[in-house]
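K.L.:
Attaching a single structure in C-alpha cells format; questions to follow.
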Amino acid sequence: MRDFVNYKNIQVAFSSQGKGSAIVLIHGFLENNTMWKEIIPVLAKKNRVITIDLLGHGETDCLGYVHTMEEQAKMIKVVLNHLKLRKHILIGHSMGGYIALAFANLFPNSIKGLCLMNSTYKNDDNERKTLRSRAIKVVENNYKNIVKISFTNLFSEDSRTAFKSEIKDALAEALKTPVQGYIAAQEGMKIRENHTNLFKNATFKKAIILGEKDWIIDSEKALLFAEKNDITAIILPEGHMSHIENRKGLIEALVEFVKK
Ligand code: MLT
C-alpha cells in the first residue's frame with residue numbers, strides 16, 4: 001500500500017507489503033520505488049517489505065540542496081518508527097547501500113542484516129568527487145542528456161541491447177527526478193563517510209552483490225575484501241543494474257540472504 005509520512009515538513013512516500021520480519025529496500029540515485037516492483041512480490045511471500053522514496057526522488061520532496069546519507073537514514077528511521085518497526089534487514093542499491101551504512105552507523109541496534117547491492121562501503125576518491133562537482137555545474141542546462149548518458153553507462157554493453165525496453169522505462173523514471181534532487185544526491189554522496197571498518201566489524205549478517213562489469217564499483221577489490229572478512233559475496237556477470245540486467249540471479253541471492 002502506498003502511503004505518506006511527514007519528515008521535517010515535507011512529504012515522504014513509502015509502501016509496505018506482506019507480513020513477517022521486515023526488509024527495507026533502499027533504491028539508488030535517480031531511482032525510486034518502481035525499481036523493486038518485480039522483487040517485492042517474491043520477498044513479500046515470507047516477509048514484510050518496505051520501500052521508501054528517498055529525499056528528492058520519486059514522490060518524496062527535496063530538503064535543501066544537500067541530501068547527506070545521514071539525513072536520508074534519519075528520514076528512513078522516521079518511516080520505520082511510524083510503522084512501529086524496531087529491527088530490520090536493509091538492502092540498498094548503490095546510493096541506497098551508502099545510506100544503509102549511514103543508517104547502521106546511526107542506529108546500530110535496529111539492524112538485523114545489511115546487503116550492499118552494486119554498492120560499496122568506501123567513500124568517494126578525489127577523482128569521483130571532481131566528476132560529481134563537474135556534473136552538478138552543468139546539469140541544470142542539459143539535464144536530459146546528462147541523465148541519459150550517465151544512466152545508460154551503468155549497464156554492460158551487452159545489456160544495452162538485451163534490455164532496451166527495460167532501460168527505456170527505467171530512464172523515464174530517472175528523468176522524473178527533479179534537478180534539485182539530482183544535485184542534492186550528488187552533493188550528499190560526495191561528502192559521505194568511509195564505512196569500511198563499520199562493515200568489516202559489524203556482527204549482523206552481511207552480503208555484497210557485485211557486477212563484474214560495474215565500472216562504479218571495483219568488484220575485484222570488493223570480492224577480496226569480502227573473502228578476507230568472511231562476508232558473503234555474490235558476483236553477477238553484468239553491470240551496475242542487477243535488478244534489470246540479471247533479475248533472476250539477483251532474486252536468488254536476495255532470497256538466500258534473507259533466509260540465512
Ligand atoms: C547509484 O546508482 O546510486 C549511483 O550511481 C551511485 C554513485 O554515483 O556513486
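K.L.:
Residues in region 222-251 that are outside any strand (DSSP E or B), out of contact with any Lys or Arg (no Cβ under 7 Å at 6 or more places or on another chain) and surrounded by 14 or more Cβ atoms within 10 Å (Cβ to Cβ): how many?
P.N.:
The total comes to 15.
K.L.:
Got a number for residues in region 174-207 being open to solvent by 30 Å² or more (accessible area, probe 1.4 Å) and either within 13 Å of the ligand (Cβ to nearest atom) or at pLDDT below 95 (or both)?
P.N.:
Qualifying residue count for the region: 3.
K.L.:
Same structure again: Among the residues of region 121-140, is any touching a strand residue (DSSP E or B) at 6+ places or on another chain (Cβ under 8 Å) and either within 13 Å of the ligand (Cβ to nearest atom) or outside any strand (DSSP E or B) (or both)?
P.N.:
Checked against the condition, which is being touching a strand residue (DSSP E or B) at 6+ places or on another chain (Cβ under 8 Å) and either within 13 Å of the ligand (Cβ to nearest atom) or outside any strand (DSSP E or B) (or both), region 121-140 yields no hits at all.
K.L.:
A further question on this structure: Residue by residue through region 33-50, note down the ones that are assigned to a loop (DSSP other than H, G, I, E, B) and open to solvent by 10 Å² or more (accessible area, probe 1.4 Å).
P.N.:
Passing the criteria: Lys37, Glu38, Ala44, Lys45, Lys46, Asn47.
K.L.:
Could you check Leu25 against (1) outside any strand (DSSP E or B); (2) within 15 Å of the ligand (Cβ to nearest atom) and say which number it fails?
P.N.:
Among (1) outside any strand (DSSP E or B); (2) within 15 Å of the ligand (Cβ to nearest atom), Leu25 violates only (1).
K.L.:
Could you identify the single residue in Leu101, Leu85, Leu55 that is more than 18 Å from the chain's Cα centre (by Cα), farther than 19 Å from Lys260 by Cα and among the hydrophobic types (A, V, I, L, M, F, W, C)?
P.N.:
Step by step, each of Leu101, Leu85, Leu55 is checked, and only Leu85 is more than 18 Å from the chain's Cα centre (by Cα), farther than 19 Å from Lys260 by Cα and among the hydrophobic types (A, V, I, L, M, F, W, C).
The values are calculated or read from the model by the stated rules, or taken from the named source; none is laboratory data. Just so it is clear, the model here is predicted, and its values are computed rather than measured. Glycine gets a Cβ as well: all are built from the backbone with ideal geometry, and neighbour counts include every protein chain shown. To get the accessible areas, we keep the full protein, side chains included, count just its heavy atoms, and leave off ligands, DNA and RNA. Shrake-Rupley method; radii C 1.70, N 1.55, O 1.52, S 1.80 Å.
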